[in-house]
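**Student:** Take a look at this one; I'll ask things after.
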Amino acid sequence: MTEKSKKDIDKECDCCCCGDKDCDCEDNDCDIVELVDDEGKVIKFIHVATIDYKDNWYVFFSPTEEVDGINTDEVVIFHLLSDDEGKDVFEPIEDEKLLEEVYNEYINTLDDDEEGCEE
């Protein structure tokens, strides 16, 4: 994971689905993903979102505990690819402009979801 792939996110609480261990969220089924860093250490992340942006898929993860300077209120963003066997590959986003665009698209998606809930 690179420093460039990190972004801050706002969480409402601390449970694995919305951030609050004592919340009454309907979605208490956490989507935990284990990623392996460059040193072979397994790090657990919560799958926050997957979005389509300019015909590419991007995945947002939040660590279950602070690791390597990434707080639990931050998100890491990866470009989602497939290897020759069809397995998911998470490639860090190195381009700072693309990272910002993908993050902004995610924020816009959240804003759209909130507007839909208000109707």
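**Student:** Mind listing the long-range amide H neighbours of I93? Cut-off is under 5 Å, sequence gap 5 or more, other chains count too, H placed in the peptide plane at 1.01 Å from N.
**Tutor:** For I93, the qualifying residues are H79.
**Student:** Something else about it: Taking a ≥ b ≥ c as the square roots of the eigenvalues of the Cα gyration tensor of the stretch 26-109, is the shape rounded (a/c under 1.5), prolate (a/b larger than b/c) or oblate?
**Tutor:** Values: a/c = 1.32, a/b = 1.15, b/c = 1.15.
Judged from the Cα gyration tensor, the stretch 26-109 comes out rounded (a/c under 1.5).
**Student:** What list of ³J(HN,Hα) couplings, whole Hz, do you get for the stretch 32-39 from phi and the Karplus terms 6.51, -1.76, 1.60, once you set θ to phi - 60° and write x for glycine and proline?
**Tutor:** Those phi angles translate into 8, 10, 9, 10, 10, 7, 4, 9 Hz.
**Student:** Through the Karplus equation 6.51 cos²θ - 1.76 cosθ + 1.60, θ set to phi - 60°, convert the phi angles of the stretch 45-52 into ³J(HN,Hα) values in whole Hz; use x for Gly and Pro.
**Tutor:** Each residue's phi maps through the Karplus curve to give 10, 9, 6, 8, 6, 10, 10, 9 Hz.
No lab work stands behind these numbers, since they all come straight from the coordinates. Since the model is a prediction, treat every value here as computed from it, not as a measurement.
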